[in-house]
Amino acid sequence: MSNGSRRRALVATALAAPLVIIGAVGASATIADDEPLTVDTLPTLTDNEVDGYRSAIEVPEIEPIEVPDITPFVPDVTTSGSTTIVSLDTDVLFDFGQADLGDSASDAIVKAITDVPDDAKVSVVGHTDSVGSDAANRTLSKQRARAVADVIEDERDDLSLSVSGKGESDPVEPNDKGGKDNPEGREKNRRVEIRYKG
């Protein structure tokens with residue numbers, strides 16, 4: 001046997017070996033080791049044999065989820081004489097007890113200052129409710145006011161900013177009523193105010 005014939009026989013054997021295994025699993029024809037590999041000698045599976053390897057997939061019922069209506073963040077804007085007060089709800093801007101702003105909170109602050117006149121003097125004041133110690137609330141309120149002021153400075157370098165924190169000392173609503181907790185009032189007291197003239 002020449003080298004060329006020997007190579008062809010080795011290649012045919014190497015290619016046919018896996019097909020013989022397939023045939024042993026359920027094919028209707030097998031290829032002998034010495035038989036040449038051709039389109040006509042490839043093993044085939046009948047439809048019944050293929051069906052034997054199929055199994056139904058059970059698709060579970062999927063319950064639809066209800067997506068809540070999301071109310072866009074709208075700051076409360078009031079005027080007192082010539083002073084405009086933009087009140088930002090800190091429950092929207094910050095996680096509980098935290099003073100770090102997220103990206104969406106920064107975007108809300110930028111939108112809240114669009115009407116501030118050029119070169120205005122702006123006061124940024126943080127407020128909390130009455131939960132926690134007075135010292136902790138003063139610190140948190142100033143940290144939150146500073147975080148809001150940082151966003152304003154990045155967006156509007158023409159503004160002159162002052163930053164302070166009043167803690168729980170200047171509520172707009174009672175923190176409790178008749179000795180009982182007032183959650184709605186406390187929520188309104190947790191705020192950062194942006195004040196400017198014009």
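The values are calculated or read from the model by the stated rules, or taken from the named source; none is laboratory data. Just so we're clear, the structure is a prediction, and the values are computed from it rather than from any experiment. Glycine also receives a Cβ, built like all others from the backbone with ideal geometry; neighbour counts cover every protein chain displayed.
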Name, by its number, the condition in (1) surrounded by 14 or more Cβ atoms within 10 Å (Cβ to Cβ); (2) closer than 19 Å to E187 by Cβ that does not hold for I152. (2)
Within the stretch 145-198, can you find the residues that are of a type in the set (G, A, S), in a loop (DSSP other than H, G, I, E, B) and more than 32 Å from the chain's Cα centre (by Cα)? S169, G178, G179, G198
Test V131 against the stated conditions and say whether it is touching a residue at least 12 places away in the same chain (Cβ under 8 Å) and surrounded by fewer than 17 Cβ atoms within 10 Å (Cβ to Cβ). yes
Please identify the pairs in which a residue from the stretch 151-171 that is modelled with pLDDT of 95 or more and polar (S, T, N, Q) has its Cβ atom under 8 Å from the Cβ atom of a residue that is part of a loop (DSSP other than H, G, I, E, B) and exposed (fewer than 14 other Cβ atoms within 10 Å of the Cβ), counting only partners at least 6 apart or on another chain. S160/D119
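Would you point out the residue of the stretch 91-106, among those that are assigned to a loop (DSSP other than H, G, I, E, B) and of a type in the set (G, A, S), that is modelled with the lowest pLDDT?
If we filter the stretch 91-106 for residues that are assigned to a loop (DSSP other than H, G, I, E, B), which is where we start, we get 94-102.
Next cut, of a type in the set (G, A, S) only: 97, 99, 102.
Numbers: G97: 90, A99: 95, G102: 79.
Looking at the filtered set, the residue picked out is G102.
Residues V125, V110: which one is part of a strand (DSSP E or B) and touching a helix residue (DSSP H, G or I) at 6+ places or on another chain (Cβ under 8 Å)?
Just one listed residue meets the conditions, V125.
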